[in-house]
1. Could you list all residues from segment 359-396 that are among the β-branched types (Val, Ile, Thr) and farther than 16 Å from Pro323 by Cα?
2. State which residue is farthest from Asn232 (Cα to Cα) when the search covers only segment 378-405 and only residues that are among the hydrophobic types (A, V, I, L, M, F, W, C) and not in a loop (DSSP other than H, G, I, E, B).
3. Any residue at all in segment 231-249 that is buried (at least 20 other Cβ atoms within 10 Å of the Cβ), at positive phi, outside the structural domain of Ile304 (by TED's automatic domain parsing) and in contact with an Asp or Glu (Cβ under 9 Å, 6 or more places away or on another chain)?
4. Does Val206 qualify as being part of a loop (DSSP other than H, G, I, E, B) and outside the structural domain of Ile374 (by TED's automatic domain parsing)?
5. Every residue in segment 227-281 that is hydroxyl-bearing (Ser, Thr, Tyr) and either part of a strand (DSSP E or B) or touching a His at 6+ places or on another chain (Cβ under 9 Å) (or both), please.
6. Being in a strand (DSSP E or B) and surrounded by fewer than 19 Cβ atoms within 10 Å (Cβ to Cβ) is the filter here, so list the residues in segment 310-341 that pass it.
7. Of the conditions (1) surrounded by fewer than 20 Cβ atoms within 10 Å (Cβ to Cβ); (2) at pLDDT 95 or above; (3) not polar (S, T, N, Q), Met217 satisfies every one except a single condition; which number is it?
8. I need the full set of residues from segment 92-113 which are in a helix (DSSP H, G or I) and under 14 Å from Thr199 (Cβ atoms), in order please.
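The values are calculated or read from the model by the stated rules, or taken from the named source; none is laboratory data. Remember, predicted model here, so these are calculated numbers, not experimental data. No Cβ is skipped: glycine too gets one built from the backbone with ideal geometry, and neighbour counts run over all protein chains shown.
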Amino acid sequence: MRFHLYYLIQKVQIKARFGYLPESVGFVCLFDLQNPVGFLLPLNKTIMLQKSFCVLFGCAIICMIPLFSQEAISLEGTWKVKLDPENAGMVEKWFNDSFTDEITLPGSLDEHGIGNPLPEIHMGKLTSETRYVGSAWYQKEVVIPETWKNRRIELTLERACWETTVYVDGVHTPIENSLTTQHLHDLTGMLTPGIHLLTIQVDNTVKINIGHTFGNMLWPHALSEESQTNWNGIIGKIELISTPMVWIQDLQAYPDLEKKNIRIALKLRNRSGSPVHGTLDLSMDPDGSRLEDLSFSFGGADTILEVELPFGESPRYWDEFNPGLYTLKARIETRYGGNQQSVQTGLRDFKAVEQHFLLNGRKIYLRGKVCSAIFPLTGYPPMAVDRWREIFQFYKDYGLNHLRC
């Protein structure tokens, strides 16, 4: 399968190379190729309905990348698939059937040549050899280990357009709807140790009007062929995550250059149904700051803990050419077990003074460009960190330090 994309420039047709960052990933890039996991800033599941944002290769944003400590089962590989153009699967209870056709996920239907053939090549936009818009069902048997008994289990689906419904042995979960963030399905209590039939219904029909600016013409580049495509499939991470019944849902770091400390906010979740008592350990490397055995208690479904941790006496600052990064680790222990998250962060001061931007007191000039989602081999942006490092390096080699998409 391939996608066709042609630009007419001075009456010469040229195939485009590449150059777009996925708006639905929702991140800002800090350009530090020496720290391969040190340049993605998640936007905390903020729904981004427009794809105008900047990817900074080394400018103004502090980097915070969650690094999770939990058990995971990857579901990448061979799945069974069945198309549902008449949307009959729900009524006919396809989630109880066994499918025969196969597909490899992560991936899209178009990528595997599954769908309706498109014989014409359209100038000025991506044209796949096949196209499918509608409901499609994906199915796979999963094996849950005995060690996951009495633990919270969540299914992560990264970059599925537009809605997903998950069935475990014929029992469905609430619909997830998002173009921009991963779909998270809570399967706690449904996936007990043993073998289960997991069925995922993916529906890539338009669910929300996000900008039909030309009458009935579908124009938003978040899902049109003018940039990327409206694929059906799951193109990113597909995995089951297991945590204790009390876990760290989110870890945020807020460095303060003036105070030379970092304010830490942890969101703890509780699925046990009982009051929770535990301890918290914090550490920041490489400067070695530590706080240990901090006690906490809460009785509800969730709570937020806030703690301040000082940097060392001679902290390293983050800037475009010397991106000093720290790894902040937080670990909780309760009677349900331990859970840990980490984020990478940095210390910097960025502000506007008169007509200039200053980074740590030095003038900085934003050197960048705008680009579009041009990935004609697949019709969707890559989801691998290594591939994005390669793309960012391409722009950095031209002396750029930010990218607007």
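1. Answer for segment 359-396, where residues must be among the β-branched types (Val, Ile, Thr) and farther than 16 Å from Pro323 by Cα: Val370, Ile374, Thr378, Val385, Ile391.
2. Filtering segment 378-405 for residues that are among the hydrophobic types (A, V, I, L, M, F, W, C) and not in a loop (DSSP other than H, G, I, E, B), the one farthest from Asn232 (Cα to Cα) comes out as Phe394.
3. yes
4. On the way: part of a loop (DSSP other than H, G, I, E, B): yes; outside the structural domain of Ile374 (by TED's automatic domain parsing): yes.
Spelling it out, Val206 is indeed part of a loop (DSSP other than H, G, I, E, B) and outside the structural domain of Ile374 (by TED's automatic domain parsing).
5. Correct list: Ser227, Ser242, Thr243, Tyr254, Thr279.
6. Matches in segment 310-341: Pro310, Thr327, Lys329, Arg331, Glu333, Gly337, Gly338, Gln340.
7. Every condition holds for Met217 apart from (2).
8. Taking segment 92-113 first, the residues in a helix (DSSP H, G or I) are 94-96, 110-112.
Residues satisfying the conditions are Trp94, Phe95, Asn96.
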